[in-house]
Structures are given as C-alpha cells and as structure tokens.
Amino acid sequence: MSIQKMEMLNMVGKMDQVDQIARKIILSSSVHMVNAYNEIQNNNFSILEAKNNIGAVIDYSYIRPYTSEKDLATYEDQLKALADILNIEPKVFPEYYKEAYSFKEDQAVLSELYESIREKHQRYQNLQQRLQELQGLEEYLSYIKKLDFNLTEALNMQYIKLKFGKLSKYNMDKLKKNYENISAIVLKINTASEFDSIMIFVPKALENEVERALKSLNFEEFPINFTFEGTPRDWLIAIEREKRTIQSEVKKIQEDLQDFKKQYETDIHKYYSRLIMEYEVEELKSYIVCTDEFFYLTGWVPVKCKQKLLRELKPFQNQLSIAFRKDKEYEDIMDPPTYIENNRFFRPFESILKTYGIPSYHEIDPTPFVSISYLLLFGMMFGDIGQGLVFVLAGLLLMKKLKRPNLGGVLTGLGISSMIFGYFYGSVFGLEGVITPIFMRPINPMEDINFILIAGIVIGIGLLSVSYLYNIFNSLKRKDLENGVFGSHGIAGLLFFWILLYFALAKILGFATFLPDQVLIMILVMLLAMILFRQPLSNLITGKRPLYQESPSDYYVEESFGLFETLLSMFSNTLSFIRVGAFAITHVGLFLAFTTIANMINSPFAGVLVIVLANIVIIGLEGLIVFIQGLRLEYYELFSKYYDGSGYEFNPIRIRLTERRSTQ
Amino acid sequence: MTKTAMYHVLNTKIAAIRGKMLTETDYRRLLNMTSVQEIVSYLKGHTSYRKFLQTVKLDSGDRFALEKILNEKLIALLTNLRKYVTGPYRDFLNCFQIRYEVAELKQIAKQIQQTGYASHYEKPVFLAKNPTISLEKIRSAKTIRELIENLAGTFYFSFLKNLLKSEQITLFHFEMTLDRAFFNILEENALKLRKKDQQVFYRIYGTYFDMLNIQMIYRCKKFYHRSPEEIFNYSINQGNVFNYRHIKELCYCEDLEQLKEKIATTPYSFMLKGDELQDIYMERRMHRYMYYRLQRALKSYANDISSLLAILMLVDFEKRDLVSIIECVRYGLEQEKAEKYLIRELG
C-alpha cells in the first residue's frame, strides 16, 4: 500500500553475454531502463568511479551507444510468411523464450525451413494464379460461346490482333463518342454494373496507336496465356479439363503442406515466442552503451525486486559488476519512477488516480484514501441493496469475463458500498420498508432532508481535512515549509479552516467559544497573514535568499488575489459536499416519482413494469451521474488540495504481449 | 436535419470563414515584406493562420514546412465543414480530401521522376490523414512503378493498376489517371446530391471544367504531343460551354494556331492570348476568372451549396496566393511583378 522504494542499478558486463543477460533482465520484469549514455556523461555511473573493474574503466573513452546488428525484420517476415503458408496463428509460449537459446542458430534454421517450403508454396501460388486466369478466361468465353468460329485461328491472325478486356461505363461512353477516330473494331460482349466487357480487333500495323488510346481510357486488358483448339465452346470444355488437372495438383500440395504443418507447428510458435523476446532485447539494448568488450547498463529497480533480479543473474555473477545506488543520491538529478503497489481491494482504484496523473515518487500513495472516500461518497449518494447488487454483479462480470479488472473492481467496490448504505436507508430496489436495519433506525433521506444535507457537509469537512493532512505530510517530507506550514493548504490553512468552522458553528448554535471572539478573530487574521507572507517567511527560516522568487510587488498582487481565491474556494469546496446529501435525496425522489406513476396505473402488471423500468433508469442514469459527481469531488475538491500527479510510471522492460500485437 | 437548415448552418459557418480570410490590406502588407520570417510573424500576429503557425519558429524559412501548415489549415476547414453536412453531402465533401491527396501523390511521383526517391517529400499532410495509406511505403518507392505497387490496397490502386501492365510508366500517365479518377468521383458524388445542388455544381464547376479541358488540350499538344484520341479520352465531361463535340473539335485541331482561333470565339479567349507569358499565366488567368465568379456565388448565401463550393475553392486560392507571395518575397521580386502572379487582383 505504498509507493515502492527504488534503487539505481549500474551494471557492467561482457559484450558477448549481452543477449543472455538482457533476456534475464526482461524475464525478471523489474528494471525500468534509463539511458546509460546520459548517466555516464553526467558521471553518475558508480562502477566507473569505484574503478574496481580496470578493464571497463580503460575502455571508458571508447564508449558508444549500442547499434543493433540483428535483422529482426527479415526474421519476422520469414516467420510470418511461414505461418501464412501453413495457416498457423503464431502464439507465444513463455517456456520457449525462458529456456536458453541462440538467436543466430534460430535464424539459420528458420530461413532454411522457409526456403524448403517456399518453393512448394511458390508452385502452389502459381497454380492458384493459373486457376484464376482460367476462370477469367472462362468468363469471357462464356459471353461468346454461342458464336461459332475458330477462336484459335482468330487469335493467331497475321494482320489483325484480337484482344479481350474491360472498360468502365464512363470510358466506354468516351470511346463511343469518338469511335469514328479509333482504328479498331470494338464489340461489347457483356455489360455489368460498372464495367463493360469488350472484344477488340486491331490491325497490327496500327496497334501502337490504338494501344495508346486504350491506355488513356484505362483499358484493362485480359491477357490470354493459354492456347486450346477450336471454337469458344471447345475452349470452354478444354478449360474445364485443365482446371481439374490443376485442382488435383493443388490438392496434393495442400496435403504436403498439411504434413509440414503438423511437423513444424510447434516450431513456429517457438520462433514466434522468441521473436517477441528478441524485440524486447533490442528495446533494452537501445538504452545501453558499449565498447568492443563491455556493455554498461543503468535502470531503476524496486528494492523489493532486487533479490529476484540477482537470482536471475546468478549464472553470470562472476563476469558482472553490479552496483546499486540509493534514491537519495539522485535527489537533484532525477526522480525515480513511481511504482505503486496496493492490495487487491485498492488496486482497481489506482486507475482513478492515474487518469488524473501518476503520483510523484516522493508522495505518499493516496490510493487508500481515494478508494475509501470515493466508496463512501458513492454509497451515500446511491444507497440501495438491490441496485448495489446489480453493480456488484456487473463488476464481477467485467472482472472475470470481459477482462476489465480495473473498471470491474471499481464497480464491485461501489456496489458493495451502495449495498451497505442501502441497508442503512432500508432500501431494496427503491422499495423501502422491505427490510429494517437491526441495529439502527432507518434513515429516510426524504424525511430527514436537513440531516442528510448536513451529514454530506460534515463528511466533506472530514475528507477535506484529510486532504490537508496529506498535503502537509507530503510537503514536510519534501522539507517544503512554504506549502507545508504556511501555505493555504498547509498547517496555517488547515488551522484557519478549522477555527473558522468552529467560530461559525459557535455563532450559529449560540454556544460560547473557549476563547473570546476577539482573540479568535486575531488568530484568524494572523493565519491569513501567514499565508500571505508564506514565501518570505519560509525563506527567512531556511535562510534561502532572495526572499522572493519574483519581484515583491508581483508577488503581493498575485498572493492577495490568491488569498481571496483561497477563502472563496474554502467556502465553495465545503458547500460542494452538499451534493452528497442532495443526490441521496434525488435518488429517493426519482424513485418516488416512479412509484406514484405505478400506483396511478392501477394494474399490478403494469405497476411492476414501471418499477422495473424505474430501476433500469435509476441504475443507468443516476448511477452514471453519481459516478461522475463522485469523481468530481475527488478530482476537484480533494485532489486540488494535495495531489500533484507529476510523477511518471514505473515501466519495467518485460514481455509485453498485448501491446506488441496491437502494433502488428 | 432538413436540407434548408443544413444550408443555413453551412452558410453561417462559411460567412464566418470568409470573415477570417486575408484582406486586400493583408495582401499589400505581405507583398511589401522583405523576408519569409516577416511573413510568418505577420500571419502569426494578425491573421487566422495564428493557430496553425503556433509551432513554427520564426526563423523557419522552409517552404515545404509552410506549405504543410497551409495544408493543415485546409484540413481543419474540411473537417470543420464536414460536421455540418450529412449523407451524400458528406461524401461529396470527402471528395475534396481526395483532391488534395491526389495532388500530393502527383507531387511525390514528380519528385520520384526527378530525383529517384521520395524521402525528401516529407509533408504529405492529406495522405497522412488517410488510414489506408502507408507513408512509409510511399517514401520507400524509387520508381513510379514501385509507387503504384506500394499503393496496393488503397482506393487509388484500382485506378492505377492498369498502368502497371505497360512497360514504361510515365509521369504523364500517372498524373492523368489520378486526375481523371478524381473528376470521375467528384461527378459521381455530385450526382447523388439534390437536383438543385447538382445544377449549382455544374454551373460553378462546369466553367472550371471547360478551362481545365482547354488547358489540358493545350499542354498535351504543346508539350506532350499526344494523339487527339488520347487527349479526348482524358478530357472532362460536362463543361458549361463545351459539349463533347466541341471538345472533340478542339482535340482534333491541327496545331496551336487553330486551337487559339477556336478558343477566341468562346468566353475563354483570355486563356490563349498568344503572348509570351501565356504558359506561365494560363493557370493564374483561369483561377482569376474563377475567383470573380466564386466571389459572386459566395456572397449569394443562397439556399444551396454554391457558397460551400465557392469557399472551398477560394480558400485554396488564398493558399496558392500565399505560396506565391512567399516565393516572390524570397526571390525579391518587385511588388508590381509579384502582383501578377496572384490570383486575387489587387485594385
């Protein structure tokens, strides 16, 4: 339930082992790669400073970024072609990339396999193409099969050439309009929706001229690559015979390929799995630098994954120099990535956080607070046992069946919260009085309107106070006095907020304050002054100069507006939580309207129908609204107090199946 | 949405677009400038190009980069207008996307023809918008044949594939085929509009088609030496003044003199004045002739698509003018001379 501690990994290893080590690192899924070149340039590479590896240090001056020599593209092409020929959908099996293998050998075997099948496949494709051509020819001949002339002779005339082909309607029209100038006889033999099929007799002497004109008409000639004997009808019979011969050969090749498939299917999966690994290896290597002999690698590792990583790298222990550097050393250089880890219950709510921004490394993980407050707000606004159950079921469905763990998890949580509040409200599918809570008087939001509204604000005050505390804690952790102590969301702000509330409450309820009013007002003014002067104050204390980061006049103009805004937003943010109560009332009110309709209808069947409809509308529409309003309270009222979201996510190098697939 | 409402919405939108176009004062100021940087900063500071020039650094004098930005403005315009039309009208509007894609493909082909590679041409913004087209593949082409082969699977391939059968694929055929494809599609889609809009389309574009035909016939005869049959086949149907018989007559003219005589009797005599600069100015003259007609059509804001057709072409003209201005300024042309290259006439 926290943001994991990180350490910077520095590693120097032998260049000839780089692939194996890269694979191990990828399998450990625990290193967020950092460009080693920059690290070395900035002298942050600790092993080099330690000089415990003389060879590596000497080589230092010859360091260069790694350039890949692997031809993964050809490999992938061949693999894809093979999979295509054999009609295999390549799948990834982790056992294939986990075991030791040599990519070079794989490459050789694969290309051999590819060559052996390719020949057969080419023959197969040729046959398919011939088959297609025959079918095309068949089509043209079917248009003229009633004509009784010797086609073979017509095709072999000495002075006239016979062509078949297609013209679009538009171009056919063009041809017609200028037919008198075309030195050929054009016969339309068939007409389809967009094309006309034509037969053209061209004098060979004028072939070039006609050819050019036809080209400008975008004439699609059908080349006749076969010769048979006799009339079109004889040709058709011969074609049928030829087709059958080809088909039988095609079938035979298909059977052969089927054997191949049986034999090599697992190999294809194997090579594909390794290809996926190799892509990651190349990705990893784009971060390293090398010399002829050594490579240098840097990356962030969560402290808790260190052992796992070292275990993976154990076989290479003797040839590797590994050092870890604490995050503290990097304070001014770069922030480590943020790796949030939460238990199963809170994890889905990380997505709510991440939609807004990734927490920075130094923040405390706000996920538990976000989850609990969001559940509380939602449940209060949308309390109903039956409808909550629907959310739970929908959430489970999303989680288990539709593979949407985040949305599903959040929805399930919301449903449970809704059910708990439903119990307090005594509401099942909107019907009240079905159950009576055992240990508590049911609260009917419609009857206790004021109570509900005030309860909303009280909860809001509580949540806002927690937000202030979060901010104070985060700021102090950063040693940021300006925001943590004097800031409008710091200790001064929180005290001001509380005292003001206390003061207002005393005035409304008419009880005496423990200090005289004047003193309280004095304190409030002093707190405001603190907020106004927070930058110079904190700089005075820490001894930082200059006192103002900008010109003092700018600072005060800005800050006095800021102060005004602080007061305003303190007021509006608190009142904003009225909506929590208001939506609880709306929820009941909406259903009340439907029950009234149901009663008016006077038919039990239609009445039930209306109630069902009411539930669908309320779950769909109101559920969505409350979902959004809850988010709004989180993002706007609460996050603005304490959450910065300026971090970046821990993204270790590892096998990423779904992402790669989408790029293919 | 009823059609009348659509016209009203469109016309309102178009009026707003028109209001943001460059004024004559803008033109004059731009022509007076001495460097491309100055132009960029003026466009950035005073015109609706601001939004698109945000990322351009002031020292950027790269013509292609600027043209790319001007094209992006066109894309934004098309995307914007597309929101206000439905059904066949949207399809019709999409044709203009095709028009610019064709222009880019032609430019790429031309570059391949001249230099043997296309990688230099890096800014095909319209093609980049088309999900069926892979820019990588296009850039890898070394010959026009490869370019066509690499277009396999796209809409354009069906028109271009027949060229693959001939032994040598010329740029001429590539360009002509694509142009023809565009005009075919444009007309096809125009015919799906309402009757009234079809008439508007032919009224406005008919004139343009007439002039394009004259230009094409003239160029084919003068530079490409094509046979009359070929020229006729490449002509566009449905002009305003010319029917196919007229076009055929023009195609079968013996020489340019005869062509000029025949044109002299038509409203388009200005295209072939016979002066030395005729070849250079022909396109500009065509466009300027269109410019005045379009201005009239635009201002009518009638209950049809005339304003839409007009604004699309006028915005394009403005882009062309801007490119001309930039070129003129770069080469330090005198303002008086530069004005002659502009479609818009400065009073």
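The values are calculated or read from the model by the stated rules, or taken from the named source; none is laboratory data. None of the values given here were measured: they were computed from a predicted structure. Don't worry about glycine lacking a Cβ; one is built from the backbone with ideal geometry, like all the others, and counts go over all protein chains shown. SASA here: full protein model, heavy atoms, side chains in, ligands and nucleic acids out. Shrake-Rupley method; radii C 1.70, N 1.55, O 1.52, S 1.80 Å.
Residue A:417 contributes an accessible area of around 10 Å² to the protein surface, as traced by a 1.4 Å probe with all chains present. Dividing the alpha-carbon radius of gyration of region A:268-401 by the rule-of-thumb value 2.2 N^0.38 Å gives 1.55.
For residue A:249 and residue B:111, a Förster radius of 60 Å and the Cβ-Cβ distance give a FRET efficiency of 0.85, rounded to the nearest 0.05.
Mean residue ellipticity, 222 nm, helices only, the protein assembly as shown: the sum of -39500 (n - 2.57) across DSSP H runs of n ≥ 4, divided by residue count and rounded to 500, is -20000 deg cm²/dmol. For residue A:647, nonlocal amide neighbours, meaning residues 5 or more places apart or on other chains whose placed amide H falls under 5 Å from its own, are A:358, A:360. Couplings 3J(HN,Hα) of region A:241-257, computed from phi: 5, 4, 4, 5, 4, 4, 4, 5, 5, 4, 4, 4, 4, 4, 5, 4, 5 Hz, in residue order, whole Hz [Karplus 6.51 cos²θ - 1.76 cosθ + 1.60, θ = phi - 60°; x for Gly and Pro]. Quick one, what does Rg over Rh come out to for region B:152-305 if you take C-alpha atoms and the Kirkwood Rh? On the Cα set of region B:152-305, Rg over Rh gives 0.99.
Geometric descriptor of chain A, per residue, is 344 Å³ (volume of the convex hull of the Cα atoms). Relative to the Cα centre, the charge distribution of region A:416-557, modelled as +1 at Lys and Arg Cβ and -1 at Asp and Glu Cβ, gives a dipole magnitude of about 540 debye.
Relative to the current alpha-carbon distance between residue A:625 and residue A:517, full extension at 0.36 nm per residue lengthens the span by 34.6 nm.
With Rh defined as the Kirkwood radius, the inverse of the mean 1/r over Cα pairs, the Rg/Rh of chain B is 0.95. Close amide H partners of residue A:190, meaning residues 5 or more places away or on another chain with modelled amide H under 5 Å apart, are A:197.
Take the Cβ atoms of residue A:549 and residue A:310, set R0 to 51 Å, and the FRET efficiency comes out at 0.70.
When the accessible areas of B alone and A alone are added and the area of the pair subtracted, with a 1.4 Å probe, the result is around 1900 Å², both sides summed. In this simple spin-label approximation, residue B:20 and residue B:256 carry label points 7 Å from Cα along the Cα→Cβ vector, and these lie 4.3 nm apart. For residue A:222, nonlocal amide neighbours, meaning residues 5 or more places apart or on other chains whose placed amide H falls under 5 Å from its own, are A:164, A:165, A:166. If a spin label sat at a point 7 angstrom from the Cα of residue B:137 along the line to its beta carbon, no backbone N atom of region B:79-109 would be nearer than 12 Å.
All C-alpha to C-alpha distances of region B:86-193, sorted into 5 Å bins beginning at zero, yield P(r) values of 2, 12, 23, 24, 19, 10, 6, 3, 0 percent in whole numbers.
Compactness ratio for region A:178-325: Cα radius of gyration over 2.2 N^0.38 Å (N = residue count) comes to 2.28. Take the Cβ-Cβ distance between residue A:397 and residue A:126 as r, set R0 to 51 Å, and report the resulting FRET efficiency rounded to the nearest 0.05. The computed FRET efficiency comes out at 0.50. Note on residue A:509 and residue A:208: their simple-model spin labels are 10.8 nm apart, each label 7 Å out from Cα toward Cβ.
Phi-derived couplings, Karplus 6.51 cos²θ - 1.76 cosθ + 1.60 at θ = phi - 60°, listed residue by residue for region A:571-585: 5, 5, 5, 5, 5, 3, 6, 4, 4, 4, x, 4, 6, 4, 5 Hz, with x used for Gly and Pro. Using a 1.4 Å probe on the protein chains only, how many percent of the accessible area of chain A belongs to carbon and sulfur? Carbon plus sulfur share of accessible area: 59 percent. Sequentially through region A:167-179, phi angles give Karplus couplings (6.51, -1.76, 1.60; θ = phi - 60°) of 9, 6, 4, 4, 6, 4, 4, 4, 4, 4, 5, 10, 4 Hz, Gly and Pro residues having no value and appearing as x. Overall, the ratio between the Cα radius of gyration of region A:149-230 and 2.2 N^0.38 Å, rounded to two decimals, is 1.09. Dividing the convex hull volume of the alpha carbon atoms of region A:418-535 by its residue count gives 153 Å³ per residue. More than 18 Å apart: what percent of Cα pairs in region A:65-165 qualify? Roughly 69 percent, once rounded to a whole number. For the residue pairs A:24/A:328; B:44/B:129; A:104/A:354; B:165/B:273; A:354/A:400, the alpha carbons lie more than 30 Å apart in A:104/A:354; B:165/B:273. Sites listed here are GluC sites (Glu not before Pro) in region B:127-218 whose DSSP assignment is loop and whose Cβ has at most 11 other Cβ atoms within 10 Å: B:167. Rg/Rh for region A:340-642 (Cα atoms only, Rh after Kirkwood) is 1.06. Averaged over its residues, the protein assembly as shown has an accessible area of 49 Å² per residue, based on protein heavy atoms and a 1.4 Å probe.
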